[in-house]
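Peer 1: Below you'll find the structure I mean.
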């Protein structure tokens with residue numbers, strides 16, 4: 001029994017030793033790979049590794065490869081292009097702040113780079129996507145309820161792209177996104193004006209409604225802004241201004257429910273007859 005117990009004990013220690021050696025080999029192998037990535041690969045090879053990871057949607061691996069490239073080879077055409085690719089990988093990896101800072105650095109450092117138009121477009125896309133969270137993508141009508149600073153940033157980025165590079169292939173998509181952003185920003189301002197109206201802050205309601213009308217003309221929610229003006233001016237005992245806003249509303253939106261309600265003056269007989 002004693003020799004048998006010693007035999008099994010030796011076997012167990014042999015297994016433990018084997019597992020330990022295997023772990024050391026894996027660790028050395030991983031360190032070797034990291035060393036290859038950081039020190040032994042050329043700029044082109046590092047860039048290809050990053051591209052391969054990017055194409056496979058392995059965003060973390062792509063980020064590691066591009067950062068290694070920029071650390072090892074701070075200058076050169078592969079490093080220049082890798083900055084834009086790194087920003088895209090950050091964006092897809094859910095790190096918008098790193099994406100934006102990388103794009104800003106690229107634009108400052110390489111203002112004449114052939115792909116600088118894409119950098120402006122990607123900046124707009126990052127801010128645009130931050131404005132559209134998961135719930136907002138499911139319920140786009142709720143986007144207007146949240147802070148609009150990122151939407152404004154996206155609008156500015158897309159505007160800058162169109163101003164600087166009117167012939168860029170990214171312009172058509174940027175224009176479509178700007179239409180959505182503009183409508184959304186208008187809806188946000190009107191929603192704030194309506195909030196102030198409900199809170200009986202009539203001067204603030206007027207200011208926000210006027211801002212929406214002046215800043216975002218020809219957007220879908222301007223009839224609501226005019227209704228806010230009619231009601232707020234009425235509460236402020238400014239009948240001329242209220243009537244003026246009402247006239248503009250009736251002229252531009254003759255079928256609006258508020259206009260029709262104001263026009264429809266029912267007589268006593270009409271109120272007795274429930275049918276139209």
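Laboratory data are not the source of any read-out in this text; all were calculated from the coordinates shown. These numbers come from a predicted model, not from an experiment. Because the Cβ atoms are built from the backbone with ideal geometry, glycine has one as well, and the counts that use them run over all protein chains shown.
Peer 1: What FRET efficiency do you get for residue 152 and residue 129 if R0 is 22 Å and r is their Cβ-Cβ distance, rounded to the nearest 0.05?
Peer 2: Numbers: r = 15 Å, r/R0 = 0.66.
Computed FRET efficiency for residue 152 and residue 129: 0.90.
Peer 1: If r is the Cβ-Cβ distance from residue 218 to residue 115 and R0 is 45 Å, what FRET efficiency results, to the nearest 0.05?
Peer 2: 0.85
Peer 1: Would you mind getting me the FRET efficiency between residue 44 and residue 105? Use the beta-carbon distance for r and R0 = 25 Å, nearest 0.05. Numbers along the way, then the final one.
Peer 2: Details: r = 22 Å, r/R0 = 0.88.
With R0 = 25 Å, the Cβ-Cβ based efficiency is 0.70.
Peer 1: If you don't mind, there's one more thing I want to ask. Express in nm, to one decimal, how much length is gained between residue 252 and residue 75 on full extension, taking 0.36 nm for each residue of separation and deducting their alpha carbon distance.
Peer 2: Additional length available on full extension: 57.9 nm.
Peer 1: Testing the spin-label approximation: label points 7 Å from Cα along Cα→Cβ at residue 240 and residue 58. State their distance in nm.
Peer 2: 7.4
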